[in-house]
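Here the structure is laid out as structure tokens; the discussion comes afterwards.
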Amino acid sequence: MGQRNQRIQFQPGLRDWLLHNLDRGIPPAPLARTMCEQGFDPGVAADLVNVFWFARVTGVEPPAEWVDPEQVAAARYVPENPRLQLDGGVNDVVVQGQRIRLALRVEQPQVTLLDGVFSAAECDQLIALAQPRLRPSTIVDPVTGRDTVSMARSSEGMFFRLNETPLIERIDARLSNLMNLPVENGEGLQVLRYRGGEQSVPHFDFLMANNPANVASLARSGQRVATLIVYLNDVDSGGQTIFPESGLAVTPRQGSGLYFEYCNGAGQLDPQSLHAAAPVLAGEKWIVTKWMRQRRFVPA
């Protein structure tokens with residue numbers, strides 16, 4: 001198959017298999033493991049899968065017969081220093097009078113767990129504001145680009161507009177400060193409620209250029225670069241946020257925030273940012289999510 005510093009040639013059947021499974025939504029790591037089980041060198045398998053995955057994500061034509069070292073380097077995610085304010089050995093920061101403390105950091109995927117992002121009163125206020133506007137959650141259909149209800153995300157949700165109320169304005173400003181990106185780069189806050197048995201399957205938060213709606217959104221506002229999930233209540237049982245490739249699972253705790261990055265300055269995307277919401281086993285789970293873009297967010 002060739003060495004990692006040389007061109008990697010492959011058969012048309014492998015190309016078809018990779019594209020078929022990527023288009024089915026299979027993430028890179030399981031595909032690479034399957035190739036290793038068939039006798040592929042682990043490094044070669046990882047490089048091939050990553051190049052094809054990155055081509056599908058970014059909407060470029062996948063390789064036809066071989067993969068060059070330059071393509072491997074362009075597709076391989078290189079972590080950078082986190083944008084998050086809590087960096088360089090600092091363990092806490094005060095934003096708008098709210099003391100936010102570092103609880104956990106993982107290098108890859110680039111995940112940071114924060115205590116005290118919201119007060120208990122703010123959590124309760126957000127739930128009260130969101131509850132009358134909840135609707136069944138949707139996902140973007142990969143073919144049509146339209147929002148559609150799917151069992152891949154069994155929850156209810158709603159969106160606030162940027163700065164919609166004084167409370168939302170204060171929270172948008174705080175999260176912008178914490179995430180070190182302008183308020184205008186943020187999408188409106190999304191609130192989700194998961195009840196007993198509800199969950200979301202493994203997915204990425206960045207946009208894949210595989211439908212017209214996503215392509216248009218990327219052209220307007222650039223890629224999503226980071227996510228901050230803030231838990232609005234304690235969950236009696238279940239409901240963890242899971243990163244399956246690293247084995248990390250975070251239990252919801254009121255006011256704590258889970259921050260993760262997945263797009264670096266070169267536009268590379270991190271396949272290890274794959275994450276899911278485990279089923280709620282008892283009680284219910286409320287979260288708010290902030291996504292940040294490369295540029296000012298312009299809605300459709």
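Report whether or not residue 266 is assigned by TED's automatic domain parsing to the domain that holds residue 168, of a type in the set (A, V, I, L, M, F, W, C) and closer than 23 Å to residue 244 by Cβ. Lay out the reasoning, then the answer.
On the way: assigned by TED's automatic domain parsing to the domain that holds residue 168: yes; of a type in the set (A, V, I, L, M, F, W, C): yes; closer than 23 Å to residue 244 by Cβ: no.
So residue 266 fails the test.
Filtering 239, 257, 283, 197 for residues that are surrounded by 20 or more Cβ atoms within 10 Å (Cβ to Cβ) and in contact with a Ser or Thr (Cβ under 8 Å, 6 or more places away or on another chain) leaves a single hit, 239. Answer yes or no as to whether residue 226 is touching an Asp or Glu at 6+ places or on another chain (Cβ under 6 Å), assigned by TED's automatic domain parsing to the domain that holds residue 188 and either at positive phi or not in a loop (DSSP other than H, G, I, E, B) (or both). Answer is yes for this residue.
For residue 111, the conditions (1) assigned by TED's automatic domain parsing to the domain that holds residue 254; (2) surrounded by fewer than 13 Cβ atoms within 10 Å (Cβ to Cβ) all hold with the exception of (2). Every condition in (1) out of contact with any helix residue (DSSP H, G or I) (no Cβ under 7 Å at 6 or more places or on another chain); (2) within 30 Å of residue 217 (Cα to Cα) holds for residue 84 except the one numbered (1).
Being part of a strand (DSSP E or B) and in contact (Cβ under 8 Å) with a residue 24 or more places away in the chain is a description that applies to residue 114. Answer yes if at least one residue in the range 32-39 is among the β-branched types (Val, Ile, Thr), under 18 Å from residue 245 (Cβ atoms), surrounded by fewer than 16 Cβ atoms within 10 Å (Cβ to Cβ) and outside the structural domain of residue 217 (by TED's automatic domain parsing), and no otherwise. The answer is yes, given that some residue of the range 32-39 is among the β-branched types (Val, Ile, Thr), under 18 Å from residue 245 (Cβ atoms), surrounded by fewer than 16 Cβ atoms within 10 Å (Cβ to Cβ) and outside the structural domain of residue 217 (by TED's automatic domain parsing).
Condition check for residue 89 on (1) surrounded by 14 or more Cβ atoms within 10 Å (Cβ to Cβ); (2) on the phi > 0 side of the Ramachandran plot: one failure, at (1). What about residue 116, is it modelled with pLDDT of 95 or more, surrounded by 12 or more Cβ atoms within 10 Å (Cβ to Cβ) and either under 27 Å from residue 215 (Cα atoms) or not aliphatic (A, V, I, L, M) (or both)? When the stated conditions are applied, residue 116 passes them.
In the range 43-59, the condition of being assigned to a loop (DSSP other than H, G, I, E, B), farther than 23 Å from residue 272 by Cβ and either touching a strand residue (DSSP E or B) at 6+ places or on another chain (Cβ under 7 Å) or not polar (S, T, N, Q) (or both) is met by no residue.
Mind counting the residues in the range 91-103 that are farther than 22 Å from residue 171 by Cβ and in contact (Cβ under 8 Å) with a residue 12 or more places away in the chain? Give the steps one after another, and end with the answer.
Taking the range 91-103 first, the residues farther than 22 Å from residue 171 by Cβ are 91.
Those still in the list that are in contact (Cβ under 8 Å) with a residue 12 or more places away in the chain too: none.
Number of matching residues: 0.
Checking each residue in the range 232-279 for being under 24 Å from residue 26 (Cα atoms) and of a type in the set (S, T, N, Q) picks out 240, 241, 246, 264, 268, 272, 273.
In the range 22-30 there is no residue that is more than 22 Å from the chain's Cα centre (by Cα) and outside the structural domain of residue 244 (by TED's automatic domain parsing).
The values are calculated or read from the model by the stated rules, or taken from the named source; none is laboratory data. Please read these numbers as outputs of a predicted model, since none were measured by experiment. Because the Cβ atoms are built from the backbone with ideal geometry, glycine has one as well, and the counts that use them run over all protein chains shown.
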